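The values are calculated or read from the model by the stated rules, or taken from the named source; none is laboratory data. Note that the coordinates shown come from a computational prediction; the quantities given were computed from them, not determined experimentally. Neighbour counts are summed over all protein chains in view; Cβ atoms, including those assigned to glycine, are modelled from backbone coordinates with ideal geometry. Side chains included, ligands, DNA and RNA excluded: accessible areas come from the protein's heavy atoms. Shrake-Rupley method; radii C 1.70, N 1.55, O 1.52, S 1.80 Å.
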Amino acid sequence: MTGRRPPHGPQAPRKPSTELIDHPYRPPGGFESPQPAVYKASTVFFPDTTALRNRQWKDKSGYTYGLHGTPTTFTLEERIATLEGGTDCLLVGSGLAAIALVNASLLKGGDEVLLPANVYGPSRELAEHELAQWGITHRLYDPMDVAAFEAMLSPATKLVWVEAPGSVTMEFPDLAGLLRTCRARGITTALDNTWGAGLAFCGFDLDGQGLGADIVMQALTKYPSGGGDVLMGSLVTRDRALHLRLKMTHMRLGLHVAGNDTELVLRSLPTLPLRYAEQDRSARVLAQWLAARPEVAEVRHPALPGAPGHAQWASLCTQAAGLFSITFAAGITPARGRAFVDALRRFRIGYSWGGPVSLAVPYELKPRAGLPQGGHLVRLAIGLEDTEDLRADLEQALAVLAG
Ligand SMILES: *Cc1c(COP(=O)(O)O)cnc(C)c1O
């Protein structure tokens, strides 16, 4: 009868305030089920003072404090590290926080960071505001021109961010060319791999010879969560020293993720490849249908021949995220583009992607260095609804646009 407390004797004084906390019952060990348990902690108990004095939080050999990990967060870290093809993983409360952690950990006053001109917008804003305030400069490079990128590198360049494709304008760069150029000069590289989700290509090994980024970041918010209900970011590395440098900053900034959110991502991970493949299939059907419509000038989906960087995509990937942008035929104003989005019924208006619900967002892009096109477009993120229902929704909204 392990773990069973002896019954109260008739005279035993009841001490509910203690007994509700320090109850002698212990559930039996040996419990296993498909999903790992949700552990939540700030305090973690040490068995004795020796264990307290010998606490070790830099690896996963033990537990010290909730901020430094629980069995639940260790489990997700290990699975994401494996997904990305790396060895170590750090989790933070959003994809943007993961980007900020890399910058805060690796850059100091006087350094320069290079960002692709089509970079995830809030990453550019972080560079324009906080990084500038800390004396860190940034420049935007044209991700489609490796030679021009190479000419921008200088001894002050300490970090280069790469992204494939740009998540609004969808140009797929020569990732291997960009990363090879940085590696030849010993410049640290970080890949925003949210679009690829660890499935479309391996961010650490583009060529089968280990050519890749030093840090692979992902907004787990998107595909790995898959529910549109969790915010989380990951940083995966293959180099232990680089991991520890990021981890020290992670600890000193007090970053962490909550057990319940971690559980939601763990629960979604087994279906990640299925969801990614299905959204890819459905998105390509819709992208091809839209490409044939007279109202649409251009469909920017890297798997479509003629899309910017299609050859680069084809040389690296067979899969793609269920994400693409459309531009409109001449004469269709931004206001009519917005009317098209407002007319959609099954597509909802909202940011993010990788969830069950299809989403549409209109953008009006200012021309900027390395991205001279500018103009207005609508980005569509394909969810898990029936493809034919989505096509019919697009058709009725295009009719509104025409009328
Ligand atoms: C969403 C996204 C991010 C940021 O993720 P959040 O969890 O929303 O902060 C970063 N990069 C890309 C490409 C994204 O799509």
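Assorted remarks:
- In the range 83-94, the condition of being at pLDDT below 95, within 16 Å of the ligand (Cβ to nearest atom) and of a type in the set (Ser, Thr, Tyr) is met by no residue.
- Note on the range 320-334: residues that are under 20 Å from Ala277 (Cα atoms) and in a loop (DSSP other than H, G, I, E, B) amount to 3.
- Residue within the range 14-34 that is in a helix (DSSP H, G or I), more than 16 Å from the ligand (Cβ to nearest atom), of a type outside the set (Asp, Glu) and at pLDDT 95 or above present: no
- Condition met for Glu385 (surrounded by fewer than 17 Cβ atoms within 10 Å (Cβ to Cβ), out of contact with any helix residue (DSSP H, G or I) (no Cβ under 6 Å at 6 or more places or on another chain) and touching a residue at least 12 places away in the same chain (Cβ under 8 Å)): yes
- Some residue of the range 202-217 being among the small types (Gly, Ala, Ser), near the ligand (Cβ under 10 Å from one of its atoms) and out of contact with any Gly (no Cβ under 6 Å at 6 or more places or on another chain): no
- Taken over the range 178-192, residues that are open to solvent by 10 Å² or more (accessible area, probe 1.4 Å) and more than 16 Å from the ligand (Cβ to nearest atom) amount to 8.
- If you filter the range 140-175 down to residues that are hydroxyl-bearing (Ser, Thr, Tyr) and away from the ligand (no atom under 16 Å from the Cβ), you find that the one that is surrounded by the fewest Cβ atoms within 10 Å (Cβ to Cβ) is Ser154.
- Selection of the range 290-319 for residues being open to solvent by 20 Å² or more (accessible area, probe 1.4 Å) and in a loop (DSSP other than H, G, I, E, B) yields Ala292, Arg293, Pro294, Glu295, Pro305, Gly306, Pro308, Thr318, Gln319.
- Any hit, the range 168-191, residues being part of a loop (DSSP other than H, G, I, E, B) and at pLDDT below 95: yes
- Pairs are defined by a Cβ separation below 9 Å, a sequence spacing of at least 6 or placement on different chains, a first member in the range 78-93 that is basic (Lys, Arg), and a second member that is open to solvent by less than 10 Å² (accessible area, probe 1.4 Å) and in a helix (DSSP H, G or I); the pairs so defined are Arg79/Val265; Arg79/Leu266.
- Residue in the range 96-112 that is farthest from the ligand (Cβ to nearest atom), counting only those that are of a type outside the set (Gly, Ala, Ser) and either outside any helix (DSSP H, G or I) or outside the structural domain of Pro143 (by TED's automatic domain parsing) (or both): Lys108
- Subset of the range 320-349 [surrounded by fewer than 18 Cβ atoms within 10 Å (Cβ to Cβ) and touching a residue at least 60 places away in the same chain (Cβ under 8 Å)]: Arg336, Ala339
- Selection from the range 342-365 of residues that are within 23 Å of the chain's Cα centre (by Cα) and in a loop (DSSP other than H, G, I, E, B): Phe347, Gly350, Tyr351, Ser352, Trp353, Gly354, Gly355, Pro356, Val357, Ser358
- In the range 238-255 there is no residue that is open to solvent by 20 Å² or more (accessible area, probe 1.4 Å), within 12 Å of the ligand (Cβ to nearest atom) and either outside any loop (DSSP other than H, G, I, E, B) or modelled with pLDDT of 95 or more (or both).
- Residues in the range 113-139 that are part of a strand (DSSP E or B) and crowded, with 20+ Cβ neighbours inside 10 Å: 5 in all.
- On the stretch given as the range 220-229, residues that are near the ligand (Cβ under 9 Å from one of its atoms) and open to solvent by 10 Å² or more (accessible area, probe 1.4 Å) total 2.
- Selection from the range 256-270 of residues that are aliphatic (A, V, I, L, M), open to solvent by 40 Å² or more (accessible area, probe 1.4 Å) and either within 13 Å of the ligand (Cβ to nearest atom) or part of a helix (DSSP H, G or I) (or both): Leu264
- Just one of the listed residues (Gly62, Gly30) is free of Cβ contacts under 8 Å to residues at least 12 places away in the same chain and open to solvent by less than 30 Å² (accessible area, probe 1.4 Å), and it is Gly62.
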